[in-house]
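To start, the structure itself, in structure tokens.
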Amino acid sequence: MQFQKPAGPNPTDRQRVLGKPTPRIDGPAKTTGTATYAYEFNDVAPNLAYGYILGAGVAKGRITSMDVAAAKKSAGVLDVVTYKNAGEVKNSDFNTAPLLAGPDVTHYHQAVAMVVAETFEQARAAASLIKVGYQKADGAYELAERKDSASVPKDDADTRTGDYETAFANAPVKVDVTYTTPAHAHAMMEPHATIALWEDGNLTLWSANQMIEWGKQSVATALGLDPSKVRMISPYIGGGFGGKLFIRADAVLAAIGARLTGRPVKVALQRPLVFNNTVHRPATIQRITLGAGEEGKLLAIGHENWSGNLEGGDAEQSPAATRPSYAAANRLAVTKLAVLDLPEGNAMRAPGDAPGSMTIEAAMDELAHELGLDPIELRAINDTQVHPESGKPFSRRKLMDCYREGASRFGWSKRSMEPGKVRDGDEWVGMGVASAIRGAPVMTSAARVSLRGDGSVLVETDMTDIGTGSYTILGQTAAEMLGVPLERVEVRLGDSNFPVSAGSGGQWGATSSTSGVYAACNQLRTAIANAVGVDANAATFADGRVSAGGEAFDLTEAGALTETGEVTFGGRGDEHEYFTFGAHFVELGVNAYTAEIRLRRMLAVCDAGRIFNPTSAKNQVMGGMTMGAGAALLEELVVDPRYGFFANHDLAQYEVPVHADIPQQEVIFLDGEDPLASPMKGSGVGELGICGPSAAIANAVFNATGIRVRDYPITMEKLLPRMPTV
Amino acid sequence: MPTNLTFDVSRRELLIGSASAALIAGLGGWSADAAPPQRDGSVRLTVNGEERTLELDNRTSLLDALREHMHLTGTKKGCDHGQCGACTVMVNGERINSCLTLAVMHDGDEVTTIEGLGTPDDPHAMQAAFVKHDGYQCGYCTPGQICSAVAMLDEIEAGMPSHVTPDLTARPQASEAEIKERMSGNICRCAAYPNILAAITEVEGARA
Amino acid sequence: MKSFTYERPDSPEAAVKAYQRARGARYIAGGTNLLDLMKLEIERPAHLIDVNRIGLKKIEETDEGGLRIGALVTNTALAGDERVRRDYGVLTRAIVAGATGQLRNKATTGGNLLQQTRCPYFYDTNMPCNRREAGSGCAALEGHSRMLAVVGTTDACIAQNPSDMNVAMRVLDAEVEVLGPKGARSIPIEAFHLLPDEEPPVKEFALRPGELITAVTLPPPVGGKHVYRKVRDRASYAFAVVSVAAILQEDGTGRVALGGVAPKPWRRPEADAALPKGSKAVADVLFADARPTDDNAFKLPLAERAIAAVLADAQR
């Protein structure tokens, strides 16, 4: 079906199952260790062999020699995969860096070899016996050094509105600040892992992957296979955050290793390899310029962003956070990309918007302070119901409602307007706010829904659940549409044999995949009505029965029926702009002696129209808030420009937040619906939570101490020189 | 992976590996009646109440023994270096990182994994509380969180102090601060931390 | 990890004998550090001697009124011991500030004394590191050194000792008892951890080949207020950027040692003597010979402020 806006009355309006806080249907499996992740399909073949990947020891150069003799002779070794015996490995459009090095090496820890052995221990030991000689080449690794060489990437033309230069030059009050954000690691708990099995020329991969269809196509391209020969299965994924959007070395090397040895092969990236072998959120340099009138009305907004990537890679789109944010007649958004020889930069949770919000939302706080305005008041003055560039109305924008609700709940009125004034014991205490703004894109998405003879329902789609709660919201959608209890719905996900869904990424997954199930269920409702002989348009589905015109039938009377449906969104048209909004509130303490920052409270008030499952949606937003806290205070992939690598490449050195870092977190959703967005009348919120909290923290640090740190993360050494003596 | 194959391969390694030759020379000090140590051997474990005997390469971590040899894959490998807590199991009642210990060092020990705590049809109270409070997202750290939480409450009950215990000579209370500090060895990148705390707090309340 | 042979002796003497028999042997206790390093090919033992079943798991009172802690007492058991909590609070505080519940359940007293540095270049075998491979150089000197040592270093190595327990042991004047092929001896804690020489190799511990730590002895309690202040980025499960172990008496005298700033727990008698004069005087003494990098120079003012926090806390 093509979605036609606005969505009219439809069966999801009942909200008997949808919209209700619902425990996840995959919860019992996940809590008992019976949910099976990629590396754990031990029963698919009796003779699984183990792969262990050796990463390149240099960042850029050429392999001059590779001695695998000792490794091949090592106990239990079946073969060693290198570029010499792997055959051609093509890069699909989804990958920038080759997944197997040789003879060129294009980034540190790029896979140069994989040992296949009878056991994990044997494969690991043999990998250490491989001797690789390199001719090192000079590379560029520091964004700041390469900033001046950056150019506007294709498809990323500057956007300009009005006369930015003149308006900014003449503005009575100006903020012109440059922030930096470092590279971030996804650091999902499950490392990238794959089991590869060849049967009669057909390849099956059990692989941790967020986007099954892309993954399948990429593997086919990489190995020169017809896509119909590739099946990818990924029912449970141990976190992705964008790091598993595209196939990585594990998938391709497992397949090649299995082909070379004639054995199914399982391989997981060892954790110290993940950071440099895979992808990361690129570092940015961002200049924000805000020109305002004395009363706070913005006259000019500029957001210039520099990031780096391998040749052919994409830019980090930080200005995306600014473009829809606040009204100002004169605007500039510039994205520039430098060529760096670091590992491949790619999408991480709310790409562009997350690092962009870290700067624009902090700069707005700087402007508010400059003007002597409450930062919420500054947002209110510059709020807009139309996109400031396109002039088109937002389908729904309740940003200021979020702020009002949040301010009241959080006790915002107790915040001191003057920074560095509130002391509690050894801590300076401060509060901060920031807006959350994240696009609400949609993608074509299909599903197959079956009514079984016993009246139960089966949903099948290649949609993935990376922790987002897909299993449950898709089950809720089918239950609501077909009038059965959720317990009567089985959901099967993550198999390329199922209809192609939107996949998990870009905050499009929830909206699109539920809409796909909606489409299939609509067809199934018609088929059921026809089967029992009632008017489909008049039929209601409730309590396991279909009724119309005074007649009622048990669903079992319809017999077994299957429908495959697909939603497309061309009907959304181009008259509206689709975004989700929220407001983040943070209170924290900064130790007066050591400048250690400890969070005290966090609140997010969010709005995305209908929330399909408030339980998992809140969890998603909280997760984003915590990842945002990590970005604000802890996380930095440290570049060593001498060796061209991320030096802190393990989970002891790349610190992500732990239990003790996270305070009370509250998440509130505004009531309401967005019938322009989707037949579900709402949008996903999986990335909204990470847009803004880092800036809210930075703003709270300023409120606590009067110190503005513009280089994230805000660590003690950046505060100490300006902290009052003790 | 059939374990006898591991055994055979490793035996061969001992005999023909070039590195091994030097080592055999180094083992010359063993008297004829005491067999020299081996590179693999038999390990007896009681796992979730069931006695298991495995033939293992000495290098096999307890984690890999569980996952790859017993196919108890509920225990997860997140980092394999003691930096995440996903591999947490209980050995003789105490929680440990199963990645940083060798299976052979646990001959005769009792191991409890997530599978031993409960099943989907008959869950442990902590498992049920995690479902009720949505104490997870992707689920990969979850078994470790749950095993850790169960053992952690025992540690509080036994009076073990923590970093946030105000008075070292007094019994610690199961406060939010105590639970958060004691659970900090279990990283959840999805960050369901407040929900995990709620789940543990509920179970703790029911125990008290 | 290369293949190794394994044995499990039943007494300290048998363990030492086993060491003498085998080539390339290492003792393994908790394994939380050694196995980590073996997986990365940083440690490559040919033979492991599992000392977990040789006893040495008791904490006993000494004739002098102190405590003798068996080397295999776990960090959890040591921190939880009632006598330690009552009389050596700085030790409990230091231990529970480190690692996690899971790690402390496995880590042992002897093993913690031997805890390796967390230098990023030590951990990556593609990188030069004199501590790992003598003569290869020190990549940290001009590299990512934020967490590394600021004092007691040389151009050969600027790695820090990351242990919390060791700092408390230092401030308590512990003695390390060892048993080796040539018999038993005792090593004062201040002599146990070594500073790097100007030239590699970097020798880390005062242990002779085959020596096994059997116990750590604490002198009789000295009273006072025991404080361990660990400064770190993450609120838990993180290594110290700087830490302060102190025992402070009501008259303003006391003892102080720093963690996270040197290749060993960092203490100077003159710094103890300067305690009544305040944090600056103490820090000036402790850092008299400091040679920080650009990355970690902030540890100097940070440590001074952390000492000030400890002194202020003691007066409450």
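The values are calculated or read from the model by the stated rules, or taken from the named source; none is laboratory data. A quick note: this is a predicted structure, and the numbers were derived from the prediction, not measured. Methodologically, a virtual Cβ is constructed for each residue, glycine included, from the backbone with ideal geometry; neighbour enumeration extends over all protein chains shown. All accessible areas refer to the heavy atoms of the entire protein, side chains included, with ligands and DNA or RNA removed. Shrake-Rupley method; radii C 1.70, N 1.55, O 1.52, S 1.80 Å.
Tabulated values for the structure
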item: Looking only at region C:111-134, and only at residues there that are closer than 22 Å to C:TYR27 by Cα and open to solvent by less than 10 Å² (accessible area, probe 1.4 Å), the one that is farthest from the other protein chains (Cβ to nearest Cβ); result: C:LEU113
item: Inter-residue pairs, beta-carbon under 9 Å, first assigned by TED's automatic domain parsing to the domain that holds B:HIS81 and of a type in the set (Gly, Ala, Ser) and in region B:46-61, second surrounded by fewer than 19 Cβ atoms within 10 Å (Cβ to Cβ) and part of a strand (DSSP E or B), 6+ apart; result: B:GLY49/B:GLU110
item: Filtered residue count, region A:537-552, keeping only those that are of a type in the set (A, V, I, L, M, F, W, C), open to solvent by 40 Å² or more (accessible area, probe 1.4 Å) and part of a strand (DSSP E or B); result: 1
item: Condition check for B:THR142: polar (S, T, N, Q) and surrounded by fewer than 24 Cβ atoms within 10 Å (Cβ to Cβ); result: no
item: Count of residues meeting criterion [within 21 Å of B:LEU168 (Cβ to Cβ), part of a loop (DSSP other than H, G, I, E, B) and open to solvent by 10 Å² or more (accessible area, probe 1.4 Å)] in region C:59-81; result: 2
item: Condition broken by A:LYS681, with the remaining ones in (1) closer than 30 Å to C:CYS138 by Cα; (2) more than 14 Å from chain C (Cβ to nearest Cβ) satisfied; result: (1)
item: Residue satisfying all of: in region B:124-135; over 19 Å from the mean Cα position of the chain (by Cα) and within 7 Å of another protein chain (Cβ to nearest Cβ); surrounded by the fewest Cβ atoms within 10 Å (Cβ to Cβ) among these; result: B:LYS132
item: Residue ID - farthest from A:ASP711 (Cα to Cα), chosen from residues in region A:615-638 that are open to solvent by less than 10 Å² (accessible area, probe 1.4 Å) and outside any helix (DSSP H, G or I); result: A:LEU637
item: Complete set of residues in region B:31-88 that are of a type in the set (D, E, K, R) and over 24 Å from C:ALA15 (Cβ atoms); result: B:GLU50, B:GLU51, B:ARG52, B:GLU55, B:ASP64, B:ARG67, B:GLU68, B:LYS76, B:LYS77, B:ASP80
item: Odd one out for A:ALA700, checked against (1) closer than 30 Å to A:MET723 by Cα; (2) in contact with a helix residue (DSSP H, G or I) (Cβ under 9 Å, 6 or more places away or on another chain); (3) away from chain C (no Cβ under 14 Å); (4) open to solvent by less than 30 Å² (accessible area, probe 1.4 Å); result: (2)
item: Of the criteria (1) facing another protein chain (nearest Cβ under 7 Å); (2) open to solvent by less than 10 Å² (accessible area, probe 1.4 Å); (3) more than 25 Å from A:PRO28 (Cα to Cα), which one B:HIS81 fails; result: (2)
item: Test: residue in region A:573-583 that is within 24 Å of the chain's Cα centre (by Cα) and within 30 Å of A:ASP424 (Cα to Cα); result: yes
item: In region A:93-148, the residues that are open to solvent by 10 Å² or more (accessible area, probe 1.4 Å), β-branched (Val, Ile, Thr) and more than 15 Å from A:MET66 (Cα to Cα); result: A:THR96, A:THR106
item: Pick from region A:6-32, criterion within 14 Å of chain B (Cβ to nearest Cβ) and open to solvent by less than 10 Å² (accessible area, probe 1.4 Å), ranking: farthest from the chain's Cα centre (by Cα); result: A:THR32
item: Residue list for region C:41-62, filter: closer than 18 Å to C:THR5 by Cα and not polar (S, T, N, Q); result: C:GLU41, C:ILE42, C:GLU43, C:ARG44, C:PRO45, C:ALA46, C:HIS47, C:LEU48, C:ILE49, C:ASP50, C:VAL51, C:ARG53
item: Residue within region A:644-654 that is part of a loop (DSSP other than H, G, I, E, B), closer than 29 Å to A:LEU486 by Cα and touching a Gly at 6+ places or on another chain (Cβ under 8 Å) present; result: no
item: Number of positions in region B:150-179 that are under 16 Å from A:ALA660 (Cα atoms), assigned to a helix (DSSP H, G or I) and either touching a Cys at 6+ places or on another chain (Cβ under 6 Å) or at the interface with chain C (Cβ under 8 Å from one of its Cβ atoms) (or both); result: 1
item: Qualifying residues in region A:271-305 (those that are β-branched (Val, Ile, Thr) and more than 23 Å from the chain's Cα centre (by Cα)) - the one surrounded by the most Cβ atoms within 10 Å (Cβ to Cβ); result: A:ILE301
item: Subset tally (residues that are surrounded by fewer than 24 Cβ atoms within 10 Å (Cβ to Cβ) and either in the same structural domain as A:LEU561 (by TED's automatic domain parsing) or hydrophobic (A, V, I, L, M, F, W, C) (or both)) for region A:410-438; result: 6
item: Strands (runs of 3 or more DSSP E) contained entirely in region C:188-302, each with at least 1 residues that are touching a Pro at 6+ places or on another chain (Cβ under 8 Å); result: C:212-218, C:242-248, C:254-259
item: Checking B:ASP64 against (1) open to solvent by 30 Å² or more (accessible area, probe 1.4 Å); (2) part of a helix (DSSP H, G or I), the condition it does not meet; result: (1)
item: Tally, over region A:424-459, of residues that are within 14 Å of another protein chain (Cβ to nearest Cβ) and over 25 Å from A:GLY692 (Cα atoms); result: 2
item: Subset of region B:180-207 [in a loop (DSSP other than H, G, I, E, B) and within 23 Å of A:THR22 (Cβ to Cβ)]; result: B:CYS188, B:CYS190, B:ALA191, B:ALA192
item: Of all residues in region C:1-26 being among the hydroxyl-bearing types (Ser, Thr, Tyr) and within 7 Å of chain B (Cβ to nearest Cβ), the one that is surrounded by the fewest Cβ atoms within 10 Å (Cβ to Cβ); result: C:TYR6
item: Options A:ALA647, A:ALA695; residue that is among the hydrophobic types (A, V, I, L, M, F, W, C) and either in contact (Cβ under 8 Å) with a residue 12 or more places away in the chain or outside the structural domain of A:ALA592 (by TED's automatic domain parsing) (or both); result: A:ALA695
item: Sole residue being of a type outside the set (Val, Ile, Thr), under 30 Å from A:ASN170 (Cβ atoms) and outside any loop (DSSP other than H, G, I, E, B), chosen from A:LEU203, A:LEU197, A:LEU290; result: A:LEU290
item: Residues that are facing chain C (nearest Cβ under 9 Å) and under 14 Å from A:LEU633 (Cβ atoms), drawn from region A:574-596; result: A:ASN591, A:THR594, A:ALA595, A:GLU596
item: Members of region A:653-664 found to be more than 7 Å from chain C (Cβ to nearest Cβ) and open to solvent by 20 Å² or more (accessible area, probe 1.4 Å), listed by number; result: A:GLN664
